[in-house]
Amino acid sequence: MTLFPRRAALALPLAALASPALAQPAWPSRPIRLVVPFAPGGTTDVMARLITDRLAPKLGQPIIVENRPGAGATIGAAMVAQAEPDGLTLLMSNSGSHGVSPSLYPNLPYDPMGDFTHVALVVTSPSVLVVTKANPAQDLAQFIANVRRAGEIDFAVSGIGSSSHLTGLRLGMALGVKVTPIPYRGAGPAMTDTIAGVVPAMMDSLPSAAPHIAAGSVRALAISGAERSARYRDVPTLKESGVDVVNYAWFGISGPARLPPAIVSRLATSIREIMSDPVTIARFEELTGAPPPESTPESYTAFVRSEIESFAPIVRAAGIEAR
């Protein structure tokens, strides 16, 4: 007579053990893949590896950087937009994939807001104008005089729609000369050809250009930031030199839409903790001339939306379109 109540009592903890909520493994349970939508060697790749080296120990799993370049960073971005929202596939989102491309590509294969969960802004960096060692221009004034005399200039850029592309176009518009951007699949290949003299000049973001400037492989003529870089005090800004161009590249961590709030919270908190570490801050200041920005999922989401809106008129004014 007491057998049934005893079985019922035993069934309760067994049912609880079988509950999906209790059976759910802690995140991350497997290595994480961070997709970098540019070739190795560029700023996006450099900063991604800097961040993952510090983030992986905090999350307790390896983070594998996977380079998927092409189509102005949209190939890699589209791949992450279609991934499972399990927090194991993330994107190094950037000003190309999520700032310029929405205005540049009429058939963009993803919604930059609706198809992503934006977690944190991690890098903002000005572009730097560099020229080959063989270029006769020793400073920006000579470069501008030579370009205006020729009426045109070719620039290597890290991809159609990249921040360096837009900065180069804006420079040409400000100088009143024809600019022919030479697009590559990332800053690394673009810099290789610039050093070799295949193209005479390049707009590159500061972190990827820094080692080549330090090695003397290229000459830095100007920075596109509002102020001079703390690392390159002798390199003027375009604006202070009378060229009304201010532009920044930016990079962040995003995942597919519908990432669980618990994963977003842990990822954002972990990123915030590594970014506030004095060693990381010092490394960022060395590479970009500024400490890493403070960010939350809410602020980064609002930032991406505002960048889409601000880049649209620039793309229209430049008359560029990619299909």
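The values are calculated or read from the model by the stated rules, or taken from the named source; none is laboratory data. This structure is a prediction, so every number in the text was calculated from the model and none was measured. Don't worry about glycine lacking a Cβ; one is built from the backbone with ideal geometry, like all the others, and counts go over all protein chains shown. All accessible areas refer to the heavy atoms of the entire protein, side chains included, with ligands and DNA or RNA removed. Shrake-Rupley method; radii C 1.70, N 1.55, O 1.52, S 1.80 Å.
Structure summary
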{"read-out": "Anisotropy class of the range 249-309 from Cα gyration tensor, a/c 1.5 cut", "value": "oblate"}
{"read-out": "Estimated dipole of the range 147-265 in Debye, rounded to 20 [Cβ of Lys and Arg +1, of Asp and Glu -1, Cα centre]", "value": "80 debye"}
{"read-out": "Set of aspartates and glutamates near residue 178 by C-alpha distance (under 18 Å), chain-local residues within fewer than 8 positions excluded", "value": "152, 154, 244, 321"}
{"read-out": "Spatial separation of Cα centroids for the range 170-203 and the range 35-84, in angstrom", "value": "24 Å"}
{"read-out": "The range 106-218 - accessible surface per residue (Å², probe 1.4 Å)", "value": "36 Å²"}
{"read-out": "FRET E, pair residue 133, residue 107, Förster distance 41 Å, beta-carbon r, rounded to 0.05", "value": "0.50"}
{"read-out": "For the chain, with +1 on Lys and Arg beta carbons and -1 on Asp and Glu, the positive-most of 67, 212, 242 along the dipole", "value": "67"}
{"read-out": "Highest-fluctuation residue, 140, 169, 121 considered, GNM on the chain with Cα pairs under 10 Å", "value": "140"}
{"read-out": "Residue of 186, 96, 242 that the Gaussian network model of the chain assigns the largest fluctuation, springs spanning Cα pairs under 10 Å", "value": "242"}
{"read-out": "Listed residue (129, 47, 87) projecting farthest to the positive dipole end of the range 37-138, Cβ model", "value": "129"}
{"read-out": "Histogram of C-alpha separations across the range 219-266, 10 Å bin width, %", "value": "22, 32, 12, 20, 13"}
{"read-out": "The range 204-273 - percent of accessible surface contributed by carbon and sulfur, probe 1.4 Å", "value": "51 percent"}
{"read-out": "Per-residue [θ]222 nm for the chain (sum of -39500 (n - 2.57) over DSSP H runs n ≥ 4, rounded to 500)", "value": "-13500 deg cm²/dmol"}
{"read-out": "For the range 129-270, alpha-carbon Rg relative to the globular expectation (2.2 N^0.38 Å, N residues)", "value": "1.18"}
{"read-out": "Net length gained if the chain between residue 241 and residue 198 were fully extended (0.36 nm per residue, minus Cα distance)", "value": "12.8 nm"}
{"read-out": "Mean projected area (nm²) of the alpha-carbon convex hull when the chain is viewed from all directions", "value": "18.6 nm²"}
{"read-out": "Inverse mean reciprocal Cα-Cα distance (Kirkwood Rh) of the range 205-323, Å", "value": "17.0 Å"}
{"read-out": "Extension gain from residue 285 to residue 227, taking 0.36 nm per residue of separation minus the Cα-Cα distance", "value": "19.5 nm"}
{"read-out": "About the Cα centre, charge dipole magnitude for the chain (Lys/Arg +1, Asp/Glu -1 at Cβ), debye", "value": "500 debye"}
